[in-house]
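In what follows, a single structure is set out as structure tokens and then discussed.
What follows draws every value from the coordinates through simple rules; no lab data is involved. Computed from a predicted structure; not experimentally measured. In this analysis, Cβ positions are derived from the backbone assuming ideal geometry, glycine residues included, and neighbour counts consider all displayed protein chains.
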Amino acid sequence: MIRVMLAMLVACALVAACSRASAPESGAAGDKAAASPAAAPAGSPGGSGAPAAASPAAPAAPTPAPVPTSREITIPADTPLTVKLTAPIASDTSKVEDPVDGTLATSIVVSGETAVPAGAQVTGSILEANRSGRVKGRASIAFRFDHLVVGGERHQIQTDRVAREAGADRKGDLKKGGVGAGAGAIIGGIAAGGKGAAIGGAVGGTGAVMATRGKEVRLAAGDMVSTKLRQALKLLVPAEKK
């Protein structure tokens, strides 16, 4: 009887142990089953879980190069310049470093293209101004241009020296000397006869030449002068439209 009861107790203990071991496994299986449906939307429609491939982006259009608005041009040395003076200058009134103003009378053309249009402003200064002497020495004046204005921009330039000298006036000197000699002869004749007339004539002639100056050099507004560039000049000109 005791043996039968012991066997029944052992059997009950085994059944209880088996039931405890199977309970966690079934819970884990339930958790796995619940997690599987939630993971499915992250994948492809077939539920494989692989991400969908993205379509390649279209290449960006290239940026167009900026269109130049100007280009450089070089005016070579020895290019002739014809300048129309806009203000008068003279050997007896102008002084060293006085301004000389003018405009280009003709355009500066380089390789068939106008680099500087006619009418562009040109400025310079007086280098020498010598008025005519009473006895000897002709009047003279010299100047040079040192700036050129193109499109509102002032450029430094160097030109050849422009010089003017008064021409000889021997006819005027002889005429003036003759008048003086005649007056001197009259005075000398009155004072001491023939000998005095000879002396008075010599003195009177010399006095007339000394009292009268020769011709002056005068250039009026509107007069043309010519010169040349001594050094090349680089400028920016509008680019050609295509």
Starting from the Cα of residue 69, step 7 Å along the direction of its Cβ; do the same at residue 95; then give the gap between the two resulting points in nm. 4.5 nm
Collect residues whose amide H, placed 1.01 Å from N in the peptide plane, falls under 5 Å from the amide H of residue 110; neighbours closer than 5 in sequence don't count. 115
